[in-house]
1. Determine whether L448 is in a strand (DSSP E or B) and either touching an Asp or Glu at 6+ places or on another chain (Cβ under 9 Å) or crowded, with 22+ Cβ neighbours inside 10 Å (or both).
2. Name the single residue, out of those in the range 451-478 being polar (S, T, N, Q) and open to solvent by 50 Å² or more (accessible area, probe 1.4 Å), that is modelled with the highest pLDDT.
3. I'd like the full set of residues that are at pLDDT below 85 and farther than 20 Å from V242 by Cβ, limited to the range 294-330.
4. Specify the residue that is farthest from I459 (Cα to Cα); the eligible residues are those in the range 479-508 that are open to solvent by 70 Å² or more (accessible area, probe 1.4 Å) and among the polar types (S, T, N, Q).
5. Considering the range 479-501 alone, what residues qualify as being in a loop (DSSP other than H, G, I, E, B) and either acidic (D, E) or modelled with pLDDT of 90 or more (or both)?
6. Out of (1) in contact with a helix residue (DSSP H, G or I) (Cβ under 7 Å, 6 or more places away or on another chain); (2) of a type in the set (A, V, I, L, M); (3) in a loop (DSSP other than H, G, I, E, B), the odd one out for V325 is which?
7. Kindly indicate the residue of the range 382-398 that is acidic (D, E) and open to solvent by 30 Å² or more (accessible area, probe 1.4 Å) and also nearest to the chain's Cα centre (by Cα) among those meeting that condition.
8. How many of the residues making up the range 340-353 are open to solvent by 40 Å² or more (accessible area, probe 1.4 Å) and either closer than 16 Å to I419 by Cβ or touching a Ser or Thr at 6+ places or on another chain (Cβ under 8 Å) (or both)?
Amino acid sequence: MDIEEDIKALQLDSSAEDTVLVNVEDAIPDEAIKHDKADGEDSVMEEERKTDDVEKSDMPEDELRDEAHPDLKPEHVEPKGVSGKESSPLEDMQVEVEVNKKRHLNVVFIGHVDAGKSTIGGQILLLSGQVDDRTIQKYEKEAKDKNRESWYMAYIMDTNEEERVKGITVEVGRAHFETETTRFTILDAPGHKSYVPNMISGASQADIGVLVISARKGEFETGYERGGQTREHVQLAKTLGVTKLIIVVNKMDDPTVNWSKERYDEIESKMVPFLRSSGYNVKKDVQFLPISGLLGSNLKTRLEKSVCPWWSGHCLFEVLDAVEVPPRDPNGPLRMPIIDKFKDMGTVVMGKIESGSIREGDNLLIMPNKAAVKVLAIFCDEDRVRHVGPGENVRVRLSGVEEDDLLSGFVLCSVAKPIPAVTEFVAQLQILELLDNAIFTAGYKAVLHVHAVVEECEIVELMQQIDLKTKKPMKKKPLFVKNGAIVLCRVQVNNMICVEKFSNFAQLGRFTLRTEGKTVAVGKITALPTVADSA
């Protein structure tokens, strides 16, 4: 029996090495564990592992994480004597190997209020087997009791009572599902204009956007007209780095639409020019699909000709599977903006890793308050993992910092290359739409949204206006600018914030300015004060 286990462990090792390409050295302690578990008395193997360990730890790749390794090894070797309880870490390892095989994408659902975002999210979870029938029956009954029978699917995503009573999403809902090739994190953003700041925090974590448009008569027009959230969400998604957009025309089963090709084409013809003006390459980065979220039509399986004779394209799952994963740097300096924190046997922070990797035992830094922390545990989806790379939405348990000392917008980063913390920066701004009678000049105040940071800011100086035709700076220094202008300006905030130059880290260097519930400008950070680099 021992020999069989040994062989299994060896096979698992080789597959682990094949799949976990992110960090070669990470596989070594894992192997050591597995050999201990498979055959405790095999001391010759143990010796070989140790020498192997010593050789591999000298690799230059390891420089950033050197201090972390001594902490890691005792943890790995500790369970050696306990043979009866060994199965669970081994299962964890297998889960981790499986997890790493699949690529990972973060998908945000955006669109006007009541377009059907939460319903589609709920239907996707149901179709991918994440929700059982009993839960659905419970939600159906609950929705019926509230005289809202068509809302039961949305209840899967909208979990708190306020959202269910009003029938609108407030917080960004999160859920996970998998297809054969990809693991997805769904971010269900609120569509109501009062909750746009929450939508911004959701979209800033996404790799790809699904814009949900209601085909029902009157609903598309409301969302698309000036002041509708369909327009604002598209502009914000582009600014926040959502480069690929899947546009799903929902509620095609509605009696006012009845899978009409004319209605679908009308919506597409109105959206395309607007998407172009928002900066999307419609041919490369945008795809349109007709669906029904409530019935689940064209989500997991293609539409039948009897339902919709004119549609022969892909279904939503196929389109999502075909999306390319954006390039990410697992060996770069660590950057993880904190979007939420809570207490749970220590301080737990949540966020998306924009760059770099995190391992159990790592010594890291939280900026801007310069708190030195140590990683106690990492949770990805619901599983505990030892190591996690960029692009993942994770929860990290830390020691060395109190939950009260953290705010969303703080950034978990590497000690060797911390993120700059500044109160002022130079940015290139594009003015979208100022409030009536407002002029954009030095002294203009607005709310700045950059990754998870929300701060009040002031424009201190307009430095140069960019000529829209030649794309070159004008000679005359502007006193004020109007809608549509592109201007280089100095922006000041009251508290220290963690940002990067757009050219170094696009995701941490792009921002939006909002005033009185409207997005007035979008921009990218072009320069940071030099003092900040040494801070």
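1. Values: in a strand (DSSP E or B): yes; either touching an Asp or Glu at 6+ places or on another chain (Cβ under 9 Å) or crowded, with 22+ Cβ neighbours inside 10 Å (or both): yes.
Considered against the rule, which asks whether it is in a strand (DSSP E or B) and either touching an Asp or Glu at 6+ places or on another chain (Cβ under 9 Å) or crowded, with 22+ Cβ neighbours inside 10 Å (or both), L448 comes out as yes.
2. Q464
3. L294, P330
4. Only one residue tops the list, namely N504.
5. Quick first cut of the range 479-501, residues in a loop (DSSP other than H, G, I, E, B) only: 479, 482-485, 499-501.
Residues satisfying the conditions are L479, V499, E500, K501.
6. In the conditions (1) in contact with a helix residue (DSSP H, G or I) (Cβ under 7 Å, 6 or more places away or on another chain); (2) of a type in the set (A, V, I, L, M); (3) in a loop (DSSP other than H, G, I, E, B), V325 misses (1) alone.
7. Taking the range 382-398 as the starting set, the residues that turn out to be acidic (D, E) are 382-383, 392.
Filter once more, keeping what is open to solvent by 30 Å² or more (accessible area, probe 1.4 Å): 382-383.
Numbers: E382: 16, D383: 18 Å.
In this case the residue turns out to be E382.
8. Quick first cut of the range 340-353, residues open to solvent by 40 Å² or more (accessible area, probe 1.4 Å) only: 340-345.
Now drop any that are not either closer than 16 Å to I419 by Cβ or touching a Ser or Thr at 6+ places or on another chain (Cβ under 8 Å) (or both), which leaves 340-341.
Selection size over the range 340-353: 2.
The values are calculated or read from the model by the stated rules, or taken from the named source; none is laboratory data. Bear in mind that the values here come from a model prediction, so they are computed numbers and not experimental data. Reconstructed Cβ throughout: ideal geometry from the backbone, glycine too, with neighbour counts over all protein chains shown. Ligands, DNA and RNA are stripped out before the accessible areas are found, and what is left, the full protein with its side chains, is counted by its heavy atoms. Shrake-Rupley method; radii C 1.70, N 1.55, O 1.52, S 1.80 Å.
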